[in-house]
Amino acid sequence: MRKNIVAGNWKMNKTLQEGIELAKAVNDQVTENDDIVILCPPFIHLTEVAKVINKKNLFLAAQNCASEESGAYTGEVSAAMVKSTCADYVILGHSERRSYYGETDEILNKKVKLALANDLVPIFCIGEVLEEREAGKHLDVVKTQVEKGLFDLSKEDFGKIIIAYEPVWAIGTGKTATPDQAQEMHKYIRDLIAQKYGDQLANDTTIQYGGSCKPDNAKELFANPDVDGGLIGGASLKAGDFVAIANAF
């Protein structure tokens, strides 16, 4: 059975001390149940944040990892390094990585495989920009991202993946996909998985929504049958807002 998962991507925000305080606050406020809650702080926070969270359903993720196993790659952080911090998850393919840093489907495919080899669960981000949505190409864009990024994985490995659909036009803009738009895309993604790996695995795959998800719209978004939680940006920087979203189920 697929899990309800809410992950908070802090992006490049919070000093180490501020991050520790935010993590403590989330840990104190989050409801301990079967829904998974993930904190995604900057790399340098991971080991310290790990020390202050102790709820059974509260986990850590890195925001990225390198596409190489190790070596002379100044400034990079490998999947093995991420795993050594007590993180269990890693965000891969976020639109900001694709856009600002030129990460291609081929690079992301390498990252996914390295993450899996190091016992990390990838949160794999996909989504279209506004021009692609307005041109009616949004389904084709997402299909290509899924196929090139993930569809050479074995059935067993694909079963470990979390997918996060993020319409790029809704990230940090205040715009949000309507519940109907979110459901349409999530169902389309689940149908793609079913065609490749079968109905059972498709039904078991967690597909999150990301893009200006807030306490006041989370419940309506999460009520869709194919929306299994959220990858939260700005609203994850305030403990009360983030926990309210996590409790929206």
_Residues (assigned to a loop (DSSP other than H, G, I, E, B), under 16 Å from ILE123 (Cα atoms) and not charged (D, E, K, R)) located in region 138-163_ = PHE151, LEU153, GLY159, ILE161
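Got at least one residue in region 191-199 being within 16 Å of ALA248 (Cβ to Cβ), outside any loop (DSSP other than H, G, I, E, B) and among the aromatic types (Phe, Trp, Tyr)? Talk me through it step by step, then tell me what you get.
Step one: of region 191-199, the residues within 16 Å of ALA248 (Cβ to Cβ) are none.
Checked against the condition, which is being within 16 Å of ALA248 (Cβ to Cβ), outside any loop (DSSP other than H, G, I, E, B) and among the aromatic types (Phe, Trp, Tyr), region 191-199 yields no hits at all.
Return the residue satisfying two criteria in turn: it lies in region 97-112 and is touching a residue at least 40 places away in the same chain (Cβ under 8 Å) and out of contact with any strand residue (DSSP E or B) (no Cβ under 9 Å at 6 or more places or on another chain), and of such residues it is surrounded by the most Cβ atoms within 10 Å (Cβ to Cβ).
ASN109
Okay, residues lined up against (1) touching a Ser or Thr at 6+ places or on another chain (Cβ under 8 Å); (2) closer than 18 Å to ILE245 by Cβ; (3) without any contact (Cβ under 8 Å) to a residue 12 or more places away in the chain:
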site: THR15; (1), (2), (3): no, no, yes
site: GLY19; (1), (2), (3): no, no, no
site: ILE36; (1), (2), (3): no, yes, no
site: VAL49; (1), (2), (3): no, no, no
site: VAL52; (1), (2), (3): no, no, no
site: SER70; (1), (2), (3): yes, no, yes
*Mind checking whether some residue in region 13-29 is under 30 Å from VAL142 (Cβ atoms) and out of contact with any Pro (no Cβ under 7 Å at 6 or more places or on another chain)?*
yes
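Taking region 199-217 as the region of interest, how many residues are of a type in the set (Gly, Ala, Ser) and free of Cβ contacts under 8 Å to residues at least 60 places away in the same chain? Show your work before the answer.
Taking region 199-217 as the starting set, the residues that turn out to be of a type in the set (Gly, Ala, Ser) are 202, 210-212.
Checking the rest, the ones that are also free of Cβ contacts under 8 Å to residues at least 60 places away in the same chain come to 202, 212.
The total comes to 2.
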*Can you name every residue in region 113-132 that is more than 22 Å from LEU60 (Cα to Cα), surrounded by fewer than 18 Cβ atoms within 10 Å (Cβ to Cβ) and of a type in the set (Asp, Glu)?*
GLU131
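Taking SER84, is it surrounded by fewer than 15 Cβ atoms within 10 Å (Cβ to Cβ), of a type in the set (Gly, Ala, Ser) and touching a residue at least 60 places away in the same chain (Cβ under 8 Å)?
Numbers: surrounded by fewer than 15 Cβ atoms within 10 Å (Cβ to Cβ): yes; of a type in the set (Gly, Ala, Ser): yes; touching a residue at least 60 places away in the same chain (Cβ under 8 Å): no.
For SER84, the condition - surrounded by fewer than 15 Cβ atoms within 10 Å (Cβ to Cβ), of a type in the set (Gly, Ala, Ser) and touching a residue at least 60 places away in the same chain (Cβ under 8 Å) - is not met.
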_If I ask for residues that are part of a loop (DSSP other than H, G, I, E, B), without any contact (Cβ under 8 Å) to a residue 60 or more places away in the chain and either in contact with a strand residue (DSSP E or B) (Cβ under 8 Å, 6 or more places away or on another chain) or closer than 15 Å to THR31 by Cβ (or both), which ones from region 225-247 would you list?_
ASP226, VAL227
*Among the residues of region 1-26, which ones are surrounded by fewer than 18 Cβ atoms within 10 Å (Cβ to Cβ) and out of contact with any helix residue (DSSP H, G or I) (no Cβ under 8 Å at 6 or more places or on another chain)?*
LYS3, MET12, THR15, GLN17, GLU18, GLU21, LYS24
*Determine, yes or no, whether GLY230 is at pLDDT 95 or above, buried (at least 24 other Cβ atoms within 10 Å of the Cβ) and within 20 Å of ASP180 (Cβ to Cβ).*
yes
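ALA62 - would you say it is closer than 27 Å to LEU108 by Cβ, in contact (Cβ under 8 Å) with a residue 60 or more places away in the chain and of a type in the set (A, V, I, L, M)? Even if it seems obvious, please write down each step before you answer.
On the way: closer than 27 Å to LEU108 by Cβ: yes; in contact (Cβ under 8 Å) with a residue 60 or more places away in the chain: no; of a type in the set (A, V, I, L, M): yes.
Considered against the rule, which asks whether it is closer than 27 Å to LEU108 by Cβ, in contact (Cβ under 8 Å) with a residue 60 or more places away in the chain and of a type in the set (A, V, I, L, M), ALA62 comes out as no.
The values are calculated or read from the model by the stated rules, or taken from the named source; none is laboratory data. If you're wondering where the values come from, they're calculated on a predicted model, not measured in any experiment. Counting neighbours? That spans all protein chains shown, and the Cβs are built from the backbone with ideal geometry, glycine included.
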